[in-house]
Amino acid sequence: MAEPAVKQPADGAREQSIGSLVSQAVSDVSQLIKCELDLAKLELKADVRRVGIAAGLLGMAAFVGCLVLVLLCFAFAWGLVALGIWPWAAFLIVAGTCVLLAGLAVLIGALKFRGLSGLRRTRQTVQQDLSLLKREDGAVTQVAAKAP
């Protein structure tokens, strides 16, 4: 059975000083925080190990994917040669195709980066909160005026 946090004296005197109660409460809270931190450390170690294994496997998959892409490019080039295209022209067509795909990927990536907001709303609300905490002159009226 669990023991109570505050031990009662055996002689029946139930009243303890406020100082001893506060001291016991502070001790219990610090013990609780220490236990929570230990639990968080254990969970974090397990998560870091899982992330490390996953990153290693993803790196290996990316490497194998690059090797497969090279092999597919060779197969594409030799397939064009089999169709009767000169070898130098076939490999030039494959290289042009790869450059075209890379350019398309860069274009799509650049368009995605343009869509980033840069945490505009978060910065605005944090600035409003900070101005309220600083109690600058007129800060409350400015926040009230900006609120929709």
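The values are calculated or read from the model by the stated rules, or taken from the named source; none is laboratory data. Predicted, not measured: the structure shown is a model, and the values here were computed from it. Don't worry about glycine lacking a Cβ; one is built from the backbone with ideal geometry, like all the others, and counts go over all protein chains shown.
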Checklist entry - Applying the selection to segment 102-148, what residues are of a type outside the set (Lys, Arg), under 30 Å from Cys66 (Cα atoms) and at pLDDT 80 or above? => result Ala102, Gly103, Leu104, Ala105, Val106, Leu107, Ile108, Gly109, Ala110, Leu111, Phe113
Checklist entry - Before we move on, is Ala46 modelled with pLDDT of 95 or more and of a type in the set (Gly, Ala, Ser)? => result no
Checklist entry - So which pairs qualify, if the first residue must be in segment 18-41 and assigned to a helix (DSSP H, G or I), the second must be surrounded by 10 or more Cβ atoms within 10 Å (Cβ to Cβ) and among the small types (Gly, Ala, Ser), the Cβ gap must be under 6 Å, and the two must be at least 6 apart or on different chains? => result Asp28/Ala5
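Those residues that are within 29 Å of Cys98 (Cβ to Cβ) and small (Gly, Ala, Ser), I need them from segment 22-70; list them, please. Lay out the reasoning, then the answer.
So in segment 22-70, the residues within 29 Å of Cys98 (Cβ to Cβ) come out as 54-70.
Correct list: Ala54, Ala55, Gly56, Gly59, Ala61, Ala62, Gly65.
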